[in-house]
Amino acid sequence: MEKQKYRMNCTLTFSDIYGQIVIWLMVIFLSLASALSLWSTTRQIYALATVGLILVLSLPFLLFAFVTTLLNHIEFVPLEVNETTSSSTNKHRKVEPATV
């Protein structure tokens, strides 16, 4: 008995992740704005710690949102018998060099 073969299709488009990119940019700009507001000669370490804390705490959530969006747009389509035989014969077909 032959195993069923599948084709993987990714239907992800830029518009699917556009909102996530905008949110990530807003997080970056807000963290930089908070760092600039805290920046002074005596509190420089607090400004850098604020940027690091915001980025470290927000990154896992944004990565989770992106990965789940990606996985939701991957689909497996079973191949028909004639598709598998034609694709397997195309793989093993010898390509003759072109003559000039």
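Rounded to 0.05, the FRET efficiency of the residue 82 and residue 12 pair, given R0 = 25 Å and the Cβ-Cβ distance, is 0.30.
Hey, any idea what % of the stretch 1-49's accessible area is carbon plus sulfur with a 1.4 Å probe?
Solvent-exposed carbon and sulfur of the stretch 1-49 make up 68 percent of the total.
The values are calculated or read from the model by the stated rules, or taken from the named source; none is laboratory data. All values reported here derive from a predicted model rather than from experimental measurement. When we count neighbours, we look across all protein chains shown, and the Cβ atoms used for this are built from the backbone with ideal geometry, even at glycine. SASA here: full protein model, heavy atoms, side chains in, ligands and nucleic acids out. Shrake-Rupley method; radii C 1.70, N 1.55, O 1.52, S 1.80 Å.
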